[in-house]
Amino acid sequence: MVLDPPLPRPLVGRLTVIGLGLIGSSILRAVDVRQLAGTSVAYDAAPEVRARVAELGIADEVAASPAEAVADADIVILCVPVGAMGAVAQAIAPHLKPGAIVSDVGSVKGAVLAALRAHLPEGVHIIPGHPVAGTEYSGPDAGFATLFKNRWSILTPPEGADEPAVARLSQLWAEMGANVEIMSAEHHDLVLAITSHVPHLIAYNIVGTAADLESVTQSEVIKYSAGGFRDFTRIAASDPTMWRDVFLNNREAVIEVLGRFTEDLIALQRAIRWEQGETLFNLFTRTRAIRRSIIEIGQETAAPNFGREPE
Ligand SMILES: NC(=O)C1=CN([C@@H]2O[C@H](COP(=O)(O)OP(=O)(O)OC[C@H]3O[C@@H](n4cnc5c(N)ncnc54)[C@H](O)[C@@H]3O)[C@@H](O)[C@H]2O)C=CC1
Ligand SMILES: O=C(O)C(=O)Cc1ccc(O)cc1
């Protein structure tokens, strides 16, 4: 039997995380628990967030500026809203060392790749990423070390990306517990439009519709919110800035999927109007099978705690 050579420890010399909310602070915690970096460095535009991260003690250093944060960094991971990626890339660009890997965790990949390419210098490896793991909570206190455990982390290296750099970033995510998948940014954006972006839009819409129904009072909505609606309210509590940026930056794929969704919804409306029970029954049977196969491959936690475990 041939064994793979052991991974070097620590995996990364100097790792910088910019944006210290749910995802950034979860990365810092996972890196801390597993000692994946020689030195972890943290930066956030909000002084109170930087102060909180210093207090939590989840980074070795909390930098006072983007320039200080990325100086001599081997890997930099941008964990800010998608719409802020370009500005952060511009701020760090002159201070990156040649050969550094710059990645991100944004929920949209095509627009982020374009924003990073527009600002980052030659000689820096741009490898965008997206951990498909999260919650409806935000901020540094919402993060936890096991967030990425058994979740997918999708990397979208552009054509011709440096293979050793892609392998290094993949190892980092694998060590944080994630299963790594590689695909193009374009394909990512279409897949995530149907599996995540449009479902969030539907949740925002149904909760908004319920809130605007004149004939049903707000307290009735709260009082009688049964299982299904409750799940929608959880999703619709997700961060407004983050989700505004997702929709503005994945317009094409979201509009494409919404078109299909609307056609299918109209077909269901027609089936109800014309009492076509078989059409409804057949669809609900198909969708039940999809849910069961998701559970079989272990992508669903029994309770809505996202596999959160005590740290
Ligand atoms: N929330 C979720 O479930 C998931 C989010 N993502 C992606 O991760 C990224 C971060 O999301 P969260 O951690 O949920 O957000 P968050 O709202 O918890 O944290 C974002 C942090 O970025 C900071 N920030 C904003 N602009 C900045 C700038 N120009 N420079 C430095 N810091 C800045 C904010 O002060 C905030 O602390 C987003 O791009 C989102 O699409 C990816 C997977 C899951
Ligand atoms: O809270 C939920 O149900 C999520 O779907 C979390 C989530 C939000 C955004 C992402 O890009 C990935 C995962």
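The values are calculated or read from the model by the stated rules, or taken from the named source; none is laboratory data. All values reported here derive from a predicted model rather than from experimental measurement. Note that each Cβ is placed from the backbone with ideal geometry, even for glycine, and that neighbours are counted across all protein chains shown. Keep in mind that these areas ignore ligands, DNA and RNA; they rest on the heavy atoms of the full protein, side chains included. Shrake-Rupley method; radii C 1.70, N 1.55, O 1.52, S 1.80 Å.
Things to note:
- Structure-based [θ]222 nm, the chain - -39500 (n - 2.57) summed over DSSP H runs of at least 4, per residue, nearest 500: -15000 deg cm²/dmol
- Surface exposure of the chain, expressed per residue as accessible area with a 1.4 Å probe, stands at 55 Å².
- Carbon + sulfur, % of accessible area of the stretch 32-91 - ligands and nucleic acids excluded, 1.4 Å: 48
- Label point distance in nm, residue 152-residue 292, each placed 7 Å from Cα along Cα→Cβ: 2.2
- Base-10 log of normalised Debye intensity for the stretch 187-274 (one unit scatterer per alpha-carbon) at q = 0.23 Å⁻¹: -1.16
- Seen through its C-alpha gyration tensor, with square-root eigenvalues sorted a ≥ b ≥ c, the chain comes out prolate because a/c lies at 1.5 or above while a/b is bigger than b/c.
- Highest-first arrangement of 12-21, 152-161, 58-67, 206-215, where packing means the average Cβ count within 10 Å: 12-21, 58-67, 152-161, 206-215
- Anisotropy class of the stretch 192-243 from Cα gyration tensor, a/c 1.5 cut: prolate
- Inter-site label distance for residue 159 and residue 7 at 7 Å from Cα along Cβ, in nm: 3.1
- Of the DSSP H helices in the chain, those whose Cα atoms cover at least 20 Å axially and whose Kyte score averages -1.0 or more: 198-212, 251-273, 277-296
- Chymotrypsin sites (Phe, Trp or Tyr not before Pro) within the stretch 158-263, DSSP loop, no more than 12 other Cβ atoms inside 10 Å: 224
- When the alpha carbon gyration tensor of the stretch 51-157 is reduced to an equivalent ellipsoid, the three semi-axes, largest first, read 22, 19, 12 Å.
- The stretch 171-190 and the stretch 126-162 have their alpha-carbon centroids 8 Å apart.
- Fully extended contour minus Cα-Cα distance, from residue 231 to residue 273, at 0.36 nm per residue: 12.4 nm
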